[in-house]
1. Hey, what's the stretch 72-159 come to in accessible area per residue, 1.4 Å probe, Å²?
2. Could you tell me the center-to-center distance, by alpha carbons, between the stretch 57-109 and the stretch 122-170 in angstrom?
3. What is the gain in length, in nm to one decimal, between K196 and S153 on full extension, counting 0.36 nm per residue of separation less the C-alpha to C-alpha distance?
4. Sequence neighbours fewer than 8 away in the same chain don't count; with that in mind, list the lysines whose C-alpha is under 22 Å from K196.
5. Would you work out what percent of the accessible area of the stretch 210-265, with all protein chains in place, is carbon or sulfur (probe 1.4 Å)?
6. Would you mind telling me the share, in percent, of accessible area of the stretch 140-190 contributed by carbon and sulfur at probe 1.4 angstrom?
7. List the trypsin sites (Lys or Arg not before Pro) within the stretch 147-195 that fall in a DSSP loop (any state other than H, G, I, E or B) and whose Cβ has at most 14 other Cβ atoms within 10 Å.
8. To make sure I understand the rule: partners must be lysines, Cα under 30 Å from the Cα of K48, and not fewer than 8 residues away in the same chain. Which ones qualify?
Amino acid sequence: MTGRTKLLVPAAAAVAAIALAACSSASAPSGSVDAGGSGSSGGASAFKGKTITLIAPDAPGGSYDSYARLFAPYLGQELGATVNVENVDGGGTLDGTNQMAAAHPDGLTIGMVNVGGDVASKVEGQPALHDDVTKFAYLGQPAVLPNALVTQSGTSAGTFTSLVHSSDPVAVLDIRNGIGDMLNRVVYGAFGIKHKLDTGFESTTALKQGFLAKDGKTIFEAMSTLYPLISGSQAKPLLVTGTVSLPTWRNALAGVPTLDSELSKVSVSAGQTKALKEANALANLSDDFAAPPGTPAATVTALRQAFTKAAALPALQAQAKKESLPLAFISGPTAASQVASAESNSSSIAPYVK
């Protein structure tokens, strides 16, 4: 299923509510700019009174949607603008990315990008990807979001190693495009695991429903999607990628091996090892904020500064903790450098994603 949902997040109203909840005084959080834009400087002042559309390329409740809604009111606070979150769900995040990329590059339409999945789509040569992700103006990344490979609880696959040595093909449920799809293809392919991909799912909600209905044996998705299943004993984790920072997630993944640790246990070729390491690196690149290609440098700088300031606000950090969203903000320039590096090394995954 695909669809579009809009949520208006007026900066002034959101900031007022935040301040009221944070304390009884009328003072704004330390280091912030009031919703009217007083205190804005440089390029940020150009956004005063404007409306910014922030595209989340997934359905409400997904990780992109969650981070977009987390940052929207605080970004509006820093820029003196109104930030509206628009969900554009479809194509494994490609529909939303393509809409953002095609927008007028004036900073008034920005979005979240599934970089790892989009790089894999580029390597594969998918016509559905309409632009080169290295051309986007990256504004920052909320955190590295870990991904996990899980199987049905109570199945014979007690460990990832047992999955590697399984004589029966593994029924893998998958959303075409995206980080999970890339990880499924590279991990199963490079480790030589017999498998069959079912890519007939358009959203994480549908994927979870299919998994719970036992339409397949495994899924590979972000921990924000999988944690409820793991904590509820509805899924058993076999492998994890990325940094697991949240204590609740660490407890849920206690004893679960990482992709790097499994490489030391299984005999694979140098090419397979390189592909797996690159898949691991690409998996760390998701949920990035970006602006369309051609956005003026001064506008990019103003947006980057606003995102960085917003991420440092105690109120935003408290809200992230409340929502169990990892937060370890990566600046726009650093994110851009990581994307360029990952893209330049992406040819190693080609045998598995094409």
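The values are calculated or read from the model by the stated rules, or taken from the named source; none is laboratory data. The model shown is predicted, which means the values in this text are computed figures rather than measured ones. Glycine also receives a Cβ, built like all others from the backbone with ideal geometry; neighbour counts cover every protein chain displayed. To get the accessible areas, we keep the full protein, side chains included, count just its heavy atoms, and leave off ligands, DNA and RNA. Shrake-Rupley method; radii C 1.70, N 1.55, O 1.52, S 1.80 Å.
1. Here the per-residue accessible area is 25 Å².
2. Between the Cα centres of the stretch 57-109 and the stretch 122-170 lies a distance of 22 Å.
3. The K196-S153 span can extend by a further 13.5 nm.
4. K208, K214, K217, K236, K354
5. The C+S portion of the solvent-accessible surface of the stretch 210-265 is 50 percent.
6. Accessible surface attributable to carbon and sulfur in the stretch 140-190 totals 53 percent.
7. Sparse-neighbourhood loop trypsin sites (Lys or Arg not before Pro): K194.
8. Partners within reach: K6, K135, K309, K321, K322.
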